[in-house]
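The values are calculated or read from the model by the stated rules, or taken from the named source; none is laboratory data. Keep in mind that this is a model prediction, so the values were computed, not measured. FYI the Cβ positions are ideal-geometry reconstructions off the backbone, even for glycines, and counts take in every protein chain you see. Keep in mind that these areas ignore ligands, DNA and RNA; they rest on the heavy atoms of the full protein, side chains included. Shrake-Rupley method; radii C 1.70, N 1.55, O 1.52, S 1.80 Å.
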Amino acid sequence: MKIKFDVKNLRWTREPEQYTVTEERIELTTAPGTDLWQRTYYHFRNDNAPLLQMETEEPFFSFVVKTDFTGAHHRFDQCGVVMYLDSENWLKGSVEYENEEFQHLGSVATNHGYSDWATSAIPAQIRTMWYRLSRREDDYCIECSQDGVRFTQMRVCHMWEGAGKIKFGVYACSPEDSSFTAVFTNMQLTPCMWPAHDGQAPDPE
């Protein structure tokens, strides 16, 4: 694999007012009213969350990061992993705070301007989550883990504009009247940990 994770290669899309970036740790303080969503169900279009990403043309890799959202306290506060190309083509995985009882562990794939949201309810007491974003050309997999060792699949999806050069990294936002500091650590790039499919052969062309 030709790429390595280096914070010097990260670039902001919508740089936040408050943040700290070091080789070992990224802290990002959200601003109220920041979000990512396109059209589906809600009809609105929100595209103002800060993103810190690097570019690559590497077709096969995995990106791992640990997120700490201890400060999240208001509905929809969130932080996680992202692959953001433009306002209408992106992929994210995160935990979204809901209330003192539960929160949503979920992912959103947005293709050609339409978002979807797949979620599972998890206890509100969970305050950290690991993610592994894997790429196999223009197909992607997001996995999560509570210990950074055992990962479970959240989503497999195709990104229609996800071939060739992409951008990926981390994000955080607070869609409502809130603010918190998201913390990202243990960032690494590895050879693709999402193995090639070895089951049913594809249909003949």
Name the single residue that is nearest to THR56 (Cα to Cα) among those in region 149-205 being open to solvent by less than 20 Å² (accessible area, probe 1.4 Å) and assigned to a loop (DSSP other than H, G, I, E, B). GLY162
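Conditions (1) charged (D, E, K, R); (2) closer than 29 Å to TRP194 by Cβ, marked per residue:
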| site | (1), (2) |
| --- | --- |
| THR30 | no, no |
| PRO50 | no, yes |
| VAL64 | no, yes |
| GLU100 | yes, no |
Which pairs do you get when a residue that is on the phi > 0 side of the Ramachandran plot, found in region 180-205, comes within reach of a residue that is among the charged types (D, E, K, R), reach meaning Cβ atoms under 6 angstrom, with the pair 6+ apart or on two chains? ASN186/LYS66
All-but-one check, ARG75 against (1) assigned to a strand (DSSP E or B); (2) open to solvent by 30 Å² or more (accessible area, probe 1.4 Å); (3) in contact with a Ser or Thr (Cβ under 9 Å, 6 or more places away or on another chain), failing number (1)
Any chance ALA31 is within 15 Å of the chain's Cα centre (by Cα), at pLDDT 95 or above and of a type outside the set (Phe, Trp, Tyr): no
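Take THR22 and tell me if it is touching a residue at least 12 places away in the same chain (Cβ under 8 Å), open to solvent by 10 Å² or more (accessible area, probe 1.4 Å) and touching a strand residue (DSSP E or B) at 6+ places or on another chain (Cβ under 7 Å). Working first, answer last.
Details: touching a residue at least 12 places away in the same chain (Cβ under 8 Å): yes; open to solvent by 10 Å² or more (accessible area, probe 1.4 Å): yes; touching a strand residue (DSSP E or B) at 6+ places or on another chain (Cβ under 7 Å): no.
No; evaluated as a whole, the condition is false for this residue.
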Taking only pairs six or more apart or across chains, which ones have beta-carbon atoms under 6 Å, a first residue in region 35-61 that is among the acidic types (Asp, Glu), and a second residue that is assigned to a strand (DSSP E or B) and surrounded by 14 or more Cβ atoms within 10 Å (Cβ to Cβ)? ASP35/ASN46; ASP35/CYS173; GLU55/LYS167
Scanning region 57-70 for residues that are within 24 Å of SER134 (Cβ to Cβ) and not in a strand (DSSP E or B) gives GLU57, GLU58, PRO59, PHE69
Mind listing whichever residues of region 2-56 are outside any strand (DSSP E or B), closer than 15 Å to MET187 by Cβ and aliphatic (A, V, I, L, M)? ILE3, VAL7, LEU10
Sole miss for SER120 among (1) surrounded by fewer than 16 Cβ atoms within 10 Å (Cβ to Cβ); (2) touching a residue at least 40 places away in the same chain (Cβ under 8 Å); (3) farther than 18 Å from ALA196 by Cβ is condition (2)
Has region 2-24 got at least one residue that is over 28 Å from MET193 (Cβ atoms), of a type in the set (D, E, K, R) and in contact with a Pro (Cβ under 6 Å, 6 or more places away or on another chain)? yes
